[in-house]
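Student: Structure incoming, see below.
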Amino acid sequence: MDKLFGNDLAIVATKARLLAVDAVHTASSGHPGGSLSCMDALVSLYFNEMNLDPTRPDWADRDRFVLSKGHCAPALYAVLALRGYFDPAELKKLRSIDSHMSGHPDMRYIPGVDMSTGSLGQGLSTAVGMALAAKAQDKAYRTYAICGDGEIDEGQIWEAAMAAAKWKLDNLCAFVDVNGLQIDGTSEEVMPTEPLDAKFAAFNWHVIKVNGHDYAAILAALAEARQTKGKPTMILLATTKGKGVSYMEGQCGWHGKAPDDALFAQAKQELEATLRQLEGK
């Protein structure tokens, strides 16, 4: 597949947002807000940055990805489906007992999922292990991870950050989805973590701050990460929770709630209008 850029990435991201919101609505359960905020980073990874082959999801030399904020599985499933790992229709079975589309990613059953996640704080540690394994085996693959800004309240995140720096894992690139909201309020109210750039820099990471909805900025940051030697890279994404759906944007109440029929219809209408505009229709 040719790498996508700019408007083409925006088209894919909008289609993925439609799939994710539809899946959560159909399931009457799920986490739409954080799924929408990290979508542009996910699309940039899977449709431009990462070395992948959807026909060989277990290819030993593929790049790895860990969704440390595992509750945002609808975003990952939507992107994997559009990338060709499985039929997008499978998303209609999100959280169904008759499906493997569980509420958190399961590497045993879902093609393209490199790590089962869900218990917050643990995903970055597994990404560190993958990156360390590549170094030990003299493999060229890179490892990527996305954490939530509420998730980094967990101490294990910082243990992983120390370990990654100690082992000079320049083949590891992580993101924090800094949307400023978590399940029960703003990050500032619940547990202030800023300044994140200074904190990760103090842990000896290379730190880049970007607009998490600007594809050119995300791709430039990823290119900078590839050129960084001797330390891991942390990309801090300034994002909007619920991005793309007006009534979800900036509202912590949409952390883990499904839209009813009327609100889903509104979300669908808004996202389809965005898609038509991007496609020039």
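Student: State the number of residues belonging to the stretch 56-109 that are in a helix (DSSP H, G or I) and of a type outside the set (D, E, K, R).
Tutor: Adding up the residues that qualify gives 16.
Student: Shifting gears a bit: Note down all Cβ pairs under 9 Å where the first residue falls in the stretch 261-272 and is loosely packed, with under 14 Cβ neighbours inside 10 Å, the second is in a helix (DSSP H, G or I), and they're at least six residues apart or on different chains.
Tutor: If the second residue must be in a helix (DSSP H, G or I), the pairs left are Asp261/His25; Glu272/Thr14; Glu272/Leu18.
Student: Also, quick follow-up: Among the residues of the stretch 74-93, write down those that are buried (at least 24 other Cβ atoms within 10 Å of the Cβ) and either of a type in the set (D, E, K, R) or touching a Ser or Thr at 6+ places or on another chain (Cβ under 7 Å) (or both).
Tutor: Pro74, Ala75
Student: Let me ask another. Hey, can you tell me all the residues within the stretch 121-152 that are in contact with a strand residue (DSSP E or B) (Cβ under 8 Å, 6 or more places away or on another chain) and surrounded by fewer than 21 Cβ atoms within 10 Å (Cβ to Cβ)?
Tutor: Thr126, Ala134, Tyr141
Student: Right, another one. Filter the stretch 135-155 down to residues that are without any contact (Cβ under 8 Å) to a residue 60 or more places away in the chain and farther than 18 Å from Gln182 by Cα and give me whichever is nearest to the chain's Cα centre (by Cα).
Tutor: Lys135
Student: Within the stretch 168-270, considering only helices (runs of 4 or more DSSP H) that don't extend past its boundaries, which have at least 1 residues that are farther than 25 Å from Tyr144 by Cβ?
Tutor: Fully inside the stretch 168-270 and qualifying: 187-190.
Student: Another question, then. Scan the stretch 227-252 for residues that are out of contact with any strand residue (DSSP E or B) (no Cβ under 8 Å at 6 or more places or on another chain), touching a residue at least 12 places away in the same chain (Cβ under 8 Å) and at negative phi and report the count.
Tutor: Of the residues in the stretch 227-252, 7 are out of contact with any strand residue (DSSP E or B) (no Cβ under 8 Å at 6 or more places or on another chain), touching a residue at least 12 places away in the same chain (Cβ under 8 Å) and at negative phi.
Bear in mind that the values in this text are calculations on the coordinates, not laboratory data. Please read all numbers here as calculations on a predicted model, not as lab measurements. All Cβ positions, glycine included, derive from the backbone under ideal geometry; neighbour counts span all protein chains shown.
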